[in-house]
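The values are calculated or read from the model by the stated rules, or taken from the named source; none is laboratory data. Keep in mind that what you see is a predicted model, and the values were worked out from it rather than measured. FYI the Cβ positions are ideal-geometry reconstructions off the backbone, even for glycines, and counts take in every protein chain you see. Surface areas here come from the heavy atoms of the whole protein model, side chains and all, with no ligands, DNA or RNA. Shrake-Rupley method; radii C 1.70, N 1.55, O 1.52, S 1.80 Å.
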Amino acid sequence: MATDTGERYADGAPRNPSYLGCPGWAYRRTVGHMVTLRIQHPITDFEIWARAFDRFDEARRDAGVRAQRVQRPVDDPRYVVVDLDFDTVDAAAAFRDFLTTVVWAIAENAPALAGTPETLLLEAATM
């Protein structure tokens, strides 16, 4: 049986939580408060959109994005849903402001954007 080595991530999660019976990524997902910035909007072309999205990888990392998911509806290839996970509401809101003023406001930064993006700041519901 594995034992705790005492090594920790910045959020206090153990680096080797196998002694708890779960992989590290699963343990870290259940510890602490995570805020998700959900963005959804129509697009003109997914490949063009993806290249533009990739150009802002460093900006996402610098803003504190911990994880990201890009999804598309099964029946609409011209629509995209993006979830960006942050440690705080303030970080998520600041990045939403960056997207609004720097990315979406300039056509060259968002060449495949069709329409106005909808955003939500989400937190896990306690049940």
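Looking at 76, 54, can you tell me which residue is surrounded by fewer than 16 Cβ atoms within 10 Å (Cβ to Cβ), modelled with pLDDT of 95 or more and assigned to a helix (DSSP H, G or I)?
54
For region 94-112, enumerate the residues that are of a type outside the set (Gly, Ala, Ser) and outside any loop (DSSP other than H, G, I, E, B). Talk me through it step by step, then tell me what you get.
At the first step, the residues of region 94-112 found to be of a type outside the set (Gly, Ala, Ser) are 95-104, 106, 108-109, 111.
Matches in region 94-112: 95, 96, 97, 98, 99, 100, 101, 102, 103, 108, 109.
Can you tell me which residues in region 115-127 are at pLDDT 95 or above and open to solvent by less than 80 Å² (accessible area, probe 1.4 Å)?
Hits for region 115-127 are 117, 119, 121, 122.
Looking only at region 81-93, filter to residues that are of a type in the set (A, V, I, L, M) and in a helix (DSSP H, G or I); which one of those is surrounded by the fewest Cβ atoms within 10 Å (Cβ to Cβ)?
Restricting to residues being of a type in the set (A, V, I, L, M) and in a helix (DSSP H, G or I), the top hit is 89.
I'd like to know if region 18-32 contains one or more residues that are modelled with pLDDT of 95 or more, in contact with a Phe, Trp or Tyr (Cβ under 7 Å, 6 or more places away or on another chain) and at negative phi.
There is no residue in region 18-32 that is modelled with pLDDT of 95 or more, in contact with a Phe, Trp or Tyr (Cβ under 7 Å, 6 or more places away or on another chain) and at negative phi.
Which of the residues that make up region 37-48 are open to solvent by 20 Å² or more (accessible area, probe 1.4 Å) and either closer than 19 Å to residue 86 by Cβ or in a loop (DSSP other than H, G, I, E, B) (or both)?
38, 40, 44, 45
Here's the yes/no breakdown for (1) in contact with a strand residue (DSSP E or B) (Cβ under 8 Å, 6 or more places away or on another chain); (2) more than 12 Å from residue 35 (Cβ to Cβ):
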position: 55; (1), (2): no, yes
position: 68; (1), (2): yes, yes
position: 73; (1), (2): yes, yes
position: 85; (1), (2): yes, no
position: 88; (1), (2): yes, no
position: 115; (1), (2): yes, yes
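Among the candidates 61, 96, single out the residue that is surrounded by 14 or more Cβ atoms within 10 Å (Cβ to Cβ), charged (D, E, K, R), out of contact with any Pro (no Cβ under 7 Å at 6 or more places or on another chain) and modelled with pLDDT of 95 or more.
96
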